[in-house]
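The values are calculated or read from the model by the stated rules, or taken from the named source; none is laboratory data. Keep in mind the model is a prediction, meaning the values are calculated, not measured. Neighbour counts are summed over all protein chains in view; Cβ atoms, including those assigned to glycine, are modelled from backbone coordinates with ideal geometry. Quick note on the areas: whole protein, heavy atoms, side chains included, nothing else; ligands and nucleic acids left out. Shrake-Rupley method; radii C 1.70, N 1.55, O 1.52, S 1.80 Å.
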Amino acid sequence: MKVFARADLIPAHLAPHEPALLCEGSWPAPLQSAARFSLDDAIDARFAWIDREASRLAECAAEAHGQDSSALFAWLNALALRYELVKYIRVIAFFEQCYRPHRREPLELHLARGRDETYATLFREVSRSYRLARVERWHDASSAESLAFPANRAWRRGIARLAQRNTADPTLPASDRPRVVLCGNPRVLDPVCHELLARGVQVWWLYDRFAVRGFARWRMRGVRQLVCDSDLGTANVFAELKLTARLACRGIDLGHTIERWLADRAQAYGPRHTRLLAEAERQLRAIQPDALLCDEDATPLPRVAIQVTRTFGTQSYVVQHGAPCIRFGFAPPAADRLLVWGESSQRQLARWGVTRDRISITGATMVSTTALSERTCKPTADGVEKPASQKHVVLLATVPPSDRRPDAVEYHLTSKTHRDMLMTACQAVSRLPQARLTIKLHPRTRDTSSFTSVLASFPGLKATVLRGGNLARLVDRADVVLSCASSAGVEAAARGVPVIQLLPSGSIDLLANDAWGFVGTARGGAELEALLEQAFSGASTSPAAPVFAAGGQAAARRIAEVVLDRVSVPVAVRHETTIATDELTLAGASPWPLS
């Protein structure tokens with residue numbers, strides 16, 4: 001069998017009946033045949049165990065992260081590691097359940113230098129397990145792909161210096177009032193900041209880079225920023241990583257593969273993470289906050305903050321930022337407590353193994369749950385009332401996937417299924433008389449070519465692609481919303497708009513219709529057309545319990561009450577935490593204890 005890491009390594013001439021496997025992406029249409037397999041197409045929600053196994057192995061790699069730099073680095077990069085493990089376990093699942101190779105069958109691996117060393121390590125283990133002959137054919141990479149974040153702009157640092165020139169040291173608490181640090185998206189946490197300030201709490205925001213808008217919004221209220229500037233990092237305490245835990249899946253050793261991935265990632269991110277740890281430790285230790293509030297706890301910056309503040313007993317909280325679609329984006333949590341939207345979120349997290357004593361229902365700060373009885377009149381964008389016979393469908397699109405990083409197999413979002421979803425939506429709306437379609441792009445969407453290419457197939461469809469704009473007003477003008485596993489779709493359903501969940505073929509029901517207020521879920525044209533007819537007839541679904549227990553400032557008040565209830569008891573002693581383990585001294589930074 002020939003194995004190609006990606007499509008750009010496939011030669012111009014390939015024997016039509018020779019078995020071949022494509023690890024990333026789908027086979028181009030002219031090259032498809034019964035003998036050619038693609039992991040993107042073969043591995044879907046039927047292999048849901050892969051997601052659970054990826055989460056388990058990522059946790060194993062990060063065990064005892066306080067004492068070991070390799071485990072700490074794995075823990076800080078937990079979400080990226082879970083996705084990477086999905087990528088490798090798909091290979092194991094393919095050879096175990098989709099294609100059983102004959103003994104001594106040769107594997108001819110086509111790999112790109114500098115990009116596919118982890119694949120090479122993995123297939124060495126697979127070939128050893130199945131006793132297969134292996135030949136590695138290395139090619140020059142068609143395009144260099146950098147892992148590192150872009151460098152901070154000089155203008156941003158200049159503004160930061162000017163803005164903070166006459167500002168007091170941000171790490172000096174002004175009094176003995178409760179101290180809270182926020183870290184995350186202002187859309188989620190700004191209402192909480194406002195509520196905490198109203199209650200006399202001292203508030204800081206923790207950022208990697210200086211936030212210009214945040215400074216302008218809060219500086220007059222005495223809120224200060226703690227900035228890490230991770231791209232200034234030079235020292236790297238993660239230069240040499242070696243896993244102590246054994247990572248194996250279905251008898252295949254993944255330890256060497258993950259070690260190689262961690263080493264590559266540490267080369268790109270190690271100096272940044274080292275500086276994040278040092279700067280967060282220096283500034284947070286000076287403040288010793290009573291509480292830390294983040295909008296998620298799966299990525300490096302909030303995990304750094306949680307790791308640092310845990311050493312001096314600070315309680316950490318996650319304020320739910322989005323719909324809980326994929327388990328390993330939300331569980332297991334790193335923070336002490338989760339503050340969630342409502343009973344739907346609580347039940348979802350409980351199913352994923354989060355104990356109820358770690359969950360508090362507070363509502364969603366970024367939504368309004370006001371009943372929209374006035375939705376009978378739907379003005380268009382120019383303010384003119386829409387004719388009653390015209391049908392307006394809004395598609396809340398997800399970020400187009402990258403073939404290089406497979407999504408969770410339960411979601412099964414690939415380049416092919418993403419295009420199929422768009423085609424399904426456009427075709428269904430084009431068949432509606434006097435209908436128009438508005439595609440609202442996800443804020444993180446960079447490349448819009450997939451949308452424009454699909455719309456080109458429907459020249460008669462009245463369609464608009466929006467990048468920005470007011471989402472609430474757009475949703476209120478819609479007759480029906482199609483939601484691609486979107487938090488905005490959950491918000492639209494709460495506003496009384498009929499919402500249809502549009503999912504890729506081969507996926508699970510990420511959000512149950514009856515729990516989240518959807519009209520239904522569609523994965524194909526016939527399903528979608530039937531649900532559109534149902535939605536336009538006036539049928540809608542209400543969840544058994546409110547998805548959002550509260551909204552806006554009411555939710556912020558609940559969050560403040562939960563947090564301040566736990567810090568209202570005076571702390572008897574505040575002191576430097578002494579840790580009896582080796583300390584790593586960072587160049588140009590204070591010592592950071594890895595425990």
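Descriptive notes on the structure:
- Some residue of segment 54-73 being touching a residue at least 40 places away in the same chain (Cβ under 8 Å), buried (at least 18 other Cβ atoms within 10 Å of the Cβ) and on the phi > 0 side of the Ramachandran plot: no
- Leading residue by the ranking (farthest from R351 (Cα to Cα)) among those in segment 492-515 that are touching a Gly at 6+ places or on another chain (Cβ under 9 Å) and open to solvent by 10 Å² or more (accessible area, probe 1.4 Å): P498
- Filter result (at pLDDT 90 or above and either touching a Cys at 6+ places or on another chain (Cβ under 9 Å) or under 18 Å from S430 (Cα atoms) (or both)) within segment 384-399: K391, H392, V393, V394, L395, L396, A397, T398
Let's see how each residue does on (1) open to solvent by 30 Å² or more (accessible area, probe 1.4 Å); (2) out of contact with any Gly (no Cβ under 9 Å at 6 or more places or on another chain); (3) within 20 Å of F548 (Cβ to Cβ):
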position: A291; (1), (2), (3): no, yes, no
position: A305; (1), (2), (3): no, yes, no
position: Y317; (1), (2), (3): no, yes, yes
position: R327; (1), (2), (3): yes, no, no
position: V367; (1), (2), (3): no, no, yes
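- Within the option set S33, S70, being part of a helix (DSSP H, G or I) and of a type in the set (S, T, N, Q) holds for one residue only, S70.
- For segment 374-381, the count of residues that are over 22 Å from A78 (Cβ atoms), modelled with pLDDT of 95 or more and outside any loop (DSSP other than H, G, I, E, B) is zero.
- Residues that are among the polar types (S, T, N, Q) and either farther than 14 Å from K416 by Cβ or more than 28 Å from the chain's Cα centre (by Cα) (or both) were ranked within segment 1-35; the one that is most open to solvent (accessible area, probe 1.4 Å) is Q32.
- Yes/no for R558 being charged (D, E, K, R), at pLDDT below 90 and closer than 30 Å to R177 by Cβ: no
- Residues that are among the charged types (D, E, K, R) and closer than 15 Å to Q390 by Cα were ranked within segment 420-437; the one that is surrounded by the fewest Cβ atoms within 10 Å (Cβ to Cβ) is R431.
- For segment 452-476, a residue qualifies if it is over 29 Å from the mean Cα position of the chain (by Cα) and not small (G, A, S), and the qualifying residues are F458, P459, L461, K462.
- Residues that are free of Cβ contacts under 8 Å to residues at least 60 places away in the same chain and within 13 Å of V393 (Cα to Cα), drawn from segment 467-500: P498, V499, I500
- Within segment 171-195, the set of residues being open to solvent by less than 40 Å² (accessible area, probe 1.4 Å), at pLDDT 95 or above and either closer than 15 Å to D295 by Cβ or of a type in the set (V, I, T) (or both) comprises V180, V181, L182, C183, G184, V188, L189, D190, P191, V192, C193.
- Candidates R36, R82, R52: the one that is at pLDDT 90 or above, closer than 22 Å to R137 by Cβ and of a type outside the set (D, E) is R36.
- Residue within segment 448-459 that is open to solvent by less than 20 Å² (accessible area, probe 1.4 Å), within 27 Å of Q346 (Cβ to Cβ) and touching a residue at least 12 places away in the same chain (Cβ under 8 Å) present: no
- When R209, R187, R165 are checked against the criterion of being of a type outside the set (S, T, Y), within 24 Å of the chain's Cα centre (by Cα) and part of a loop (DSSP other than H, G, I, E, B), R209 stands alone in meeting it.
- Counting only residues that are more than 26 Å from the chain's Cα centre (by Cα), part of a loop (DSSP other than H, G, I, E, B) and buried (at least 17 other Cβ atoms within 10 Å of the Cβ), segment 90-134 holds 1 of them.
- Some residue of segment 252-262 being open to solvent by 10 Å² or more (accessible area, probe 1.4 Å), of a type in the set (A, V, I, L, M) and either in contact (Cβ under 8 Å) with a residue 12 or more places away in the chain or not in a helix (DSSP H, G or I) (or both): no
- Every residue from segment 222-251 that is outside any loop (DSSP other than H, G, I, E, B) and either surrounded by fewer than 18 Cβ atoms within 10 Å (Cβ to Cβ) or free of Cβ contacts under 8 Å to residues at least 40 places away in the same chain (or both): D231, L232, A248
- Matching residues in segment 338-366 - criterion: being touching a residue at least 24 places away in the same chain (Cβ under 8 Å) and either among the basic types (K, R) or assigned to a helix (DSSP H, G or I) (or both): E343, S344, S345, R347, Q348, L349, R358
- Selection within segment 281-302 - under 14 Å from the mean Cα position of the chain (by Cα) and part of a helix (DSSP H, G or I): P300, L301, P302
- If you go through segment 119-162 and keep only what is in contact with a Gly (Cβ under 7 Å, 6 or more places away or on another chain) and modelled with pLDDT under 90, you end up with just A141.
- T309 among the polar types (S, T, N, Q) and either touching a Gly at 6+ places or on another chain (Cβ under 7 Å) or surrounded by fewer than 22 Cβ atoms within 10 Å (Cβ to Cβ) (or both): no
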